[in-house]
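Read through the structure below, which is laid out as structure tokens, and then see the notes.
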Amino acid sequence: LRLVPPPPELIEALMPLTFPDVSLPVLLLLVAVIPAVCEEALFRGLLLQGWKRWGAYWAIGLSTVAFACSHGSWFRLAPTALTGLLAAYVVWQSRSLLCGIVLHALNNGVVIVLARWSGEDPAASSTEPLAYPWALVGVAGIAVGAWLARPSLDMENSAD
């Protein structure tokens, strides 16, 4: 958001996702858990596993592109692709769809909680970039996750 502000049309399209009249647990179920289960089942369950005979790089790459394109927004293409790439890698390494579901649900859930937690009008807060301290917490979380995943970086031998 700091580098490339979103177009007003995208902000308007995302506004219904804040559902101000819905309780946070129901909202997390609707916007974080259910999409995570369904999308991971399709992109990391069906597609990633279907393409694994072509090797890790092709399977992960193709499922990432399919995931990013399915979200239908050129503005969100790069961040969605990065999220899909991370989820595909995690599922490939762990051999567990549940790991991808948890990662996906956490990603979606954090956005919802931050939008609710801001206590501001969702329309106003959605145009403001995330504060630097929160961005640093996110980067630190990714770094810790990458460090924890480091012992199993042998993707070519994980194809079976």
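Count of the stretch 72-119 residues, restricted to those that are modelled with pLDDT of 85 or more and among the aromatic types (Phe, Trp, Tyr), is 2. Of all residues in the stretch 45-70, those satisfying the criterion of being open to solvent by less than 50 Å² (accessible area, probe 1.4 Å) and either without any contact (Cβ under 8 Å) to a residue 12 or more places away in the chain or not hydroxyl-bearing (Ser, Thr, Tyr) (or both) are GLY45, LEU47, LEU48, GLY50, GLY55, ALA56, ALA59, ILE60, GLY61, ALA66, PHE67, ALA68. Count of the stretch 67-79 residues, restricted to those that are assigned to a helix (DSSP H, G or I) and in contact with a helix residue (DSSP H, G or I) (Cβ under 6 Å, 6 or more places away or on another chain), is 3. Being in contact with a helix residue (DSSP H, G or I) (Cβ under 6 Å, 6 or more places away or on another chain), open to solvent by 20 Å² or more (accessible area, probe 1.4 Å) and either within 19 Å of LEU114 (Cα to Cα) or not charged (D, E, K, R) (or both) narrows it down to one of VAL37, VAL102, so name that one. It is VAL37.
The values are calculated or read from the model by the stated rules, or taken from the named source; none is laboratory data. Every value quoted in this text rests on a predicted model; they were computed, and no experiment measured them. With ideal geometry, Cβ positions are generated from the backbone for all residues, glycine too; neighbour counts draw on all protein chains shown. The accessibility values were calculated without ligands, DNA or RNA, using every heavy atom of the protein model including side chains. Shrake-Rupley method; radii C 1.70, N 1.55, O 1.52, S 1.80 Å.
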